[in-house]
């Protein structure tokens, strides 16, 4: 298999390739070419998604990226203290918890 020279491809073709592979990056030609090359080499690391907060009743629904070690540890401590609990929902690579407070 020959290596693709992404810098020679049109912008719309690069955008389709990025979207089909689920890559998140700036939609500039040079950035997309760089990230696609990293993806082909197996070196692309998906960035962490931000933790989401949705106000519900007397607390928050908190969506934590499964790779966000820091926030997973924080919510784990709150679960141990019975100040938070999982609601059994997983969406968009996030585990959803309910808690009375936001994470630090």
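Data for the structure
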quantity: Matching residues, segment 55-75, being assigned to a strand (DSSP E or B) and surrounded by 15 or more Cβ atoms within 10 Å (Cβ to Cβ); calculated: 59, 60, 61, 62, 63, 64, 65
quantity: Selected residue (only one of 30, 57, 65 is at pLDDT below 95 and touching a strand residue (DSSP E or B) at 6+ places or on another chain (Cβ under 7 Å)); calculated: 65
quantity: Residue within segment 3-11 that is out of contact with any helix residue (DSSP H, G or I) (no Cβ under 6 Å at 6 or more places or on another chain), loosely packed, with under 11 Cβ neighbours inside 10 Å, modelled with pLDDT of 90 or more and assigned to a helix (DSSP H, G or I) present; calculated: yes
quantity: Residue list for segment 26-54, filter: assigned to a loop (DSSP other than H, G, I, E, B) and either farther than 30 Å from residue 98 by Cα or over 16 Å from the mean Cα position of the chain (by Cα) (or both); calculated: 26, 27, 28, 41, 42, 43, 44
quantity: Close pairs (8 angstrom Cβ cut-off, 6 or more residues apart or separate chains): in the same structural domain as residue 65 (by TED's automatic domain parsing) and touching a residue at least 40 places away in the same chain (Cβ under 8 Å) in segment 79-92, in a loop (DSSP other than H, G, I, E, B) and surrounded by 10 or more Cβ atoms within 10 Å (Cβ to Cβ) anywhere; calculated: 92/49
quantity: Criterion: surrounded by 15 or more Cβ atoms within 10 Å (Cβ to Cβ), touching a helix residue (DSSP H, G or I) at 6+ places or on another chain (Cβ under 7 Å) and either at pLDDT below 90 or assigned to a helix (DSSP H, G or I) (or both) - qualifying residue of 78, 14; calculated: 14
quantity: Subset tally (residues that are closer than 29 Å to residue 25 by Cβ and buried (at least 16 other Cβ atoms within 10 Å of the Cβ)) for segment 81-99; calculated: 4
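The values are calculated or read from the model by the stated rules, or taken from the named source; none is laboratory data. Only a predicted model underlies this, so the values are computations on that prediction, with no experimental measurement involved. Glycine also receives a Cβ, built like all others from the backbone with ideal geometry; neighbour counts cover every protein chain displayed.
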